[in-house]
Amino acid sequence: MKTMKAALFDLDGVVFDTEPQYTVFWGEQCREFHPEHPGLEHEIKGQTLVQIYDAWFDGALLPMRDVVTGRLNRYEQQMDYRYIDGFEQFVGRLRRDGVLTAVVTSSNQPKMQAVDRHHPEFRQMFDAILTSEDFARSKPAPDCYLEAARRFGVEPAECVVFEDSFNGLKSGRAAGMYVVGLATTNAAAAIRPLCDRVVADFTGLL
């Protein structure tokens, strides 16, 4: 990691401790629309909205996508965006050392506007912020991380990815980057095969 030129961070479960809040939201939606499938909110954890809709809100439930999207947008506006332990200090150290930093997330611009309201200092921590509007294929495809490397003018092998979800970890690995897995959303043993290193939070990297 000491030779890396760029550090690329997923957002939920990596920068912010928001995954438990999403579990609450999706638990409510899944109990309403898929009562036949208890615990579905845990199965879809880490998936993009498009992936969830394609798998679980198709056919007769297709008209409900707009309803759920509206609920999700309102929910995200009032979420608690608490930084993962040690993140602020860690990213500050990277920037002092001249490492380029970026957020690479499947979240959209309305979500990022909510983040800005909660944390006016947020954008100053990064040299770039890539959202779902910046790439065609979502994780686990490598497109988002490859686009971040392209913008920075660095090679994929010169980047380190910080991820928590299975799809995100697969994306970073498919991009040919060094992958650090945060055991904030899934157990360390479960994500270890997809990582070069596993940490509980950023305090282990300070």
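The values are calculated or read from the model by the stated rules, or taken from the named source; none is laboratory data. Bear in mind that the values here come from a model prediction, so they are computed numbers and not experimental data. Neighbour counts are summed over all protein chains in view; Cβ atoms, including those assigned to glycine, are modelled from backbone coordinates with ideal geometry. These accessible areas exclude ligands, DNA and RNA; they are computed on the full protein's heavy atoms, side chains included. Shrake-Rupley method; radii C 1.70, N 1.55, O 1.52, S 1.80 Å.
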May I ask for the net charge around Val104, where only other residues with Cβ less than 11 Å from the Cβ of Val104 are counted and Lys, Arg are +1 while Asp, Glu are -1? -3
Quick check: the angle from helix 143-152's long axis to the longest principal axis of the chain, C-alpha only, nearest 10 degrees? 30 degrees
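With the other protein chains left in place, how much accessible area per residue, in square angstrom, belongs to the range 99-206 at a 1.4 angstrom probe?
Values: 4440 Å² over 108 residues.
Accessible surface, normalised per residue, equals 41 Å².
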Using alpha-carbon positions, what is the distance between the centroids of the range 1-67 and the range 116-178, in Å? 18 Å
What is the sum of charges around His119, taking Lys and Arg as +1, Asp and Glu as -1, for the other residues whose C-beta is under 15 Å from the C-beta of His119? -3
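Counting alpha carbon pairs within less than 8 Å and at least 6 residues apart, what relative contact order, in whole percent, applies to the range 2-91? Display every interim value, and only then the final one.
Working: 43 pairs, mean separation 36.0, N = 90.
Taking the mean separation of contacting Cα pairs over the length of the range 2-91, I get 40 percent.
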Rounded tilt (10° steps) of 109-118 against the dominant C-alpha axis of the chain: 70 degrees
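When N is the residue count of the chain, what does its C-alpha Rg come to as a fraction of 2.2 N^0.38 Å?
Values: Rg = 16.7 Å, N = 206, 2.2 N^0.38 = 16.7 Å.
Rounded to two decimals, the normalised Rg is 1.00.
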First compute the accessible area of the range 41-181 with a 1.4 Å probe, then give the percent of it belonging to carbon and sulfur atoms. 50 percent
As a test of understanding, state the convex hull volume per residue of the range 66-138 from its alpha carbons, in Å³. 102 Å³
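Test of the criteria: in the range 1-77, which GluC sites (Glu not before Pro) are in a DSSP loop and have at most 11 other Cβ atoms within 10 angstrom of their Cβ?
Working: sites: Glu28, Glu32, Glu36, Glu41, Glu43, Glu76; in loops: Glu36.
In loop regions of the range 1-77 (DSSP not H, G, I, E or B), the sparsely surrounded GluC sites (Glu not before Pro) are Glu36.
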Taking only pairs that are 8 or more places apart or on different chains, how many Lys pairs in the chain have Cα atoms under 26 angstrom apart? 10
Given a cut-off of under 8 Å on Cα pairs at least six residues apart, what relative contact order in percent is computed for the range 62-134? 34 percent
